[in-house]
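S.K.: Have a look at this one.
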Amino acid sequence: MAVIQVSRKPLTFAERTYLPQIYGGLKITLKHLFAPKDTLEYPEQRPAIPPHYRGVPTLVKDPHGREKCVSCQLCEFVCPPKAIRITPGEVPEGSGREHVEKGPQAFDIDMLRCIYCGLCEEVCPEEAIFLQNQYSMSGYSREEMVNHKDRLYEIGGTLPDEHFKWDKKKAAAEEAAHGHH
Amino acid sequence: MIEFWLNLPLWLQAAIKGVAVIAVIIPFAGACSMAERKVSAWIQGRPGPNRAIVPWVAWIPFFGKFLQRLGVFHLMADGGKFVFKENVVPAHVNRFYYQLAPVVALIPALTTITVVPFGAYWDAAAQVLRPLALANVDVGLLVVFAVGSLGVYSIILAGWASNSKYPFLGSVRASAQLISYELSMTLSVLPVFLWVNAPGGGGTLSLFDVVQQQSQPGFWGGTWFAFLMPFSAFIFLVALFAETNRQPFDMPESEADLVGGFHTEYGEFKWSLFFVAEYAHMIVGSGVFVLLFLGGWNPLPWVPLAPLIAGLPAWLGGLIAIAIFLGKVATFIFFFMWVRWTLPRFRYDQVMKIGWQKLLPLAIANLIAYTIGIAILQK
């Protein structure tokens, strides 16, 4: 490999007095003195959360305000720190959703255990659990740091649904019933 | 008013003057520390301290918010914290000298202020401008240099008494640095006094007379010495940065390699005394520079103050003079801070090289050149 000899130029007299460099530096800092500040003043100003941010896990409803979770408990089983605890229950008669069969009776996520890994969101076959953009969680007691089902739906809100899987199933079942005759 | 003041016993006058110095300089130093934090923040693109507020000030509609954003209450909280912190003395120190060092730091810093005139008023009866100073003595600048340089003893004492290697190294560096730059500093102001003390007149080192020299009518009379003697001003300025231990001559502290330098082992109120002493040195240094080279209380070059305030009441003219002088000092202190947050620290060998091999020969050459020039001009 060829060796390239780089000649180091001796400093000029002006450079050895430091003064031109000091002057240049002073100009730069003066510019920054009057420049707009970079700091985000946190509690008043909030950062813009990018899409697909992994914040606090939440339960979401479909656009018709119906519960999506069918309490299959896949998230509970996949959760590495065992933060999720689901008590399965039945979907009550007369709600028009009897064919879904199951829904969570209780759904608790212990935010003191949650590691925000997003596996629950990944594993959910119903697209019912999402890590959304809430990034700050605080509470005065351990109990306060457990998100119960109503709280999970409250911070989760409603997300658009592309499939309406259970509506299609119901329609298909009815079609099949009609077609049989 | 004046008679009443002069009729007070001498000890009472001295005590009042002393209290006045403390009451003015310590808040001033506090304001400087706040300015330091704000200037550093702005230069680094931050808003700086802006949260603390006292509830009853928050009730003032606009002004309270302004004070809060300015960080004034952080300063008060800081001061209060220093006063009420536990007085800790590490076990391994020499207790007597350890306690003595901050006091020795503060005394020369506050003492030098007594001889620095901070304004002037028009004496209508005698038709002359008289200085506003606690003690307008003829040896003015000599006192500043002599007493001001005693500050190095506090650094040596602090480093020695701390009985710990980093403070010791810091104090050794500081003392070597202060001694090196004092030479150039003293030599750089000699041309000013050669010019002021024309042959035939009474000899003086008074800072007031230097300003008077810069307030004469005519082009040469009204020129500030910064224009007449730019090299003197430059050498004095560089030496001033070194003498006040400011960046880029921040050797005694140099927290990157010496933890905290000479005050590593200090905390609470004792540490804050070092802090106040540093800012007091800076204030006095800026004041002396303004008096020597920037025309003191004269508003602009070639615009002396005396004709402007001659028609006004004495107190108003005095206030105007003080305001102009303090404005210049504040600008200068801002310059100190601006440089501090621009430049990195010199290496120790660079500091010594600049001091002995560059600044000192320059100061001597400058003195010789001006001596010859002044001798020819004033013959």
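S.K.: Name every residue in the stretch B:32-77 that is over 14 Å from B:Trp338 (Cα atoms), away from chain A (no Cβ under 14 Å) and among the polar types (S, T, N, Q), in order of residue number.
M.R.: Passing the criteria: none in range.
S.K.: Which of (1) in contact with a strand residue (DSSP E or B) (Cβ under 7 Å, 6 or more places away or on another chain); (2) surrounded by 15 or more Cβ atoms within 10 Å (Cβ to Cβ) does A:Lys170 not meet, given it meets every other one?
M.R.: (1)
S.K.: Hey, B:Phe219 hits all of (1) in a loop (DSSP other than H, G, I, E, B); (2) among the hydrophobic types (A, V, I, L, M, F, W, C); (3) under 18 Å from the mean Cα position of the chain (by Cα) but one; which does it fall short on?
M.R.: (3)
S.K.: Name the residue that is surrounded by the most Cβ atoms within 10 Å (Cβ to Cβ), counting only residues in the stretch B:34-54 that are of a type in the set (Val, Ile, Thr) and in a helix (DSSP H, G or I).
M.R.: The extreme case among them is B:Ile43.
S.K.: State which residue is surrounded by the most Cβ atoms within 10 Å (Cβ to Cβ) when the search covers only the stretch B:220-242 and only residues that are at pLDDT below 85 and aromatic (Phe, Trp, Tyr).
M.R.: B:Phe225
S.K.: Just one of B:Ala109, B:Ala124 is surrounded by 14 or more Cβ atoms within 10 Å (Cβ to Cβ) and either of a type in the set (A, V, I, L, M, F, W, C) or touching a Ser or Thr at 6+ places or on another chain (Cβ under 7 Å) (or both); which is it?
M.R.: Selected residue: B:Ala109, the only one of B:Ala109, B:Ala124 that is surrounded by 14 or more Cβ atoms within 10 Å (Cβ to Cβ) and either of a type in the set (A, V, I, L, M, F, W, C) or touching a Ser or Thr at 6+ places or on another chain (Cβ under 7 Å) (or both).
S.K.: Condition test on A:Glu122, is it in a helix (DSSP H, G or I) and either surrounded by 12 or more Cβ atoms within 10 Å (Cβ to Cβ) or acidic (Asp, Glu) (or both)?
M.R.: Spelling it out, A:Glu122 is indeed in a helix (DSSP H, G or I) and either surrounded by 12 or more Cβ atoms within 10 Å (Cβ to Cβ) or acidic (Asp, Glu) (or both).
S.K.: Quick check on my filter: what residues within the stretch A:138-153 are touching a residue at least 24 places away in the same chain (Cβ under 8 Å), in contact with a Ser or Thr (Cβ under 9 Å, 6 or more places away or on another chain) and surrounded by fewer than 16 Cβ atoms within 10 Å (Cβ to Cβ)?
M.R.: Passing the criteria: none in range.
S.K.: Being part of a strand (DSSP E or B), among the aliphatic types (A, V, I, L, M) and modelled with pLDDT under 85, is that true of even one residue in the stretch B:177-184?
M.R.: There is no residue in the stretch B:177-184 that is part of a strand (DSSP E or B), among the aliphatic types (A, V, I, L, M) and modelled with pLDDT under 85.
S.K.: Does the stretch B:70-81 contain at least one residue that is among the basic types (Lys, Arg), in contact (Cβ under 8 Å) with a residue 40 or more places away in the chain and either farther than 30 Å from B:Gly267 by Cβ or out of contact with any Pro (no Cβ under 9 Å at 6 or more places or on another chain) (or both)?
M.R.: No, that holds for no residue.
S.K.: Give the stretch B:145-172 a look and list any residue that's farther than 16 Å from B:Tyr98 by Cβ and either among the hydrophobic types (A, V, I, L, M, F, W, C) or modelled with pLDDT of 85 or more (or both), or say none.
M.R.: Scanning the stretch B:145-172 gives B:Phe145, B:Ala146, B:Val147, B:Leu150, B:Val152, B:Leu169, B:Val172.
S.K.: Do we have B:Pro27 as more than 14 Å from chain A (Cβ to nearest Cβ), touching a Gly at 6+ places or on another chain (Cβ under 7 Å) and in a helix (DSSP H, G or I) here?
M.R.: The answer is no for B:Pro27.
S.K.: Cβ-Cβ below 9 Å, separation at least six or inter-chain, first residue in the stretch B:1-24 and of a type in the set (Lys, Arg), second at pLDDT 80 or above: which pairs?
M.R.: Note: pairs meeting the criteria are B:Lys17/B:Thr114.
The values are calculated or read from the model by the stated rules, or taken from the named source; none is laboratory data. All values reported here derive from a predicted model rather than from experimental measurement. So basically every Cβ, Gly included, is an ideal-geometry build from the backbone, and we count neighbours across all protein chains shown.
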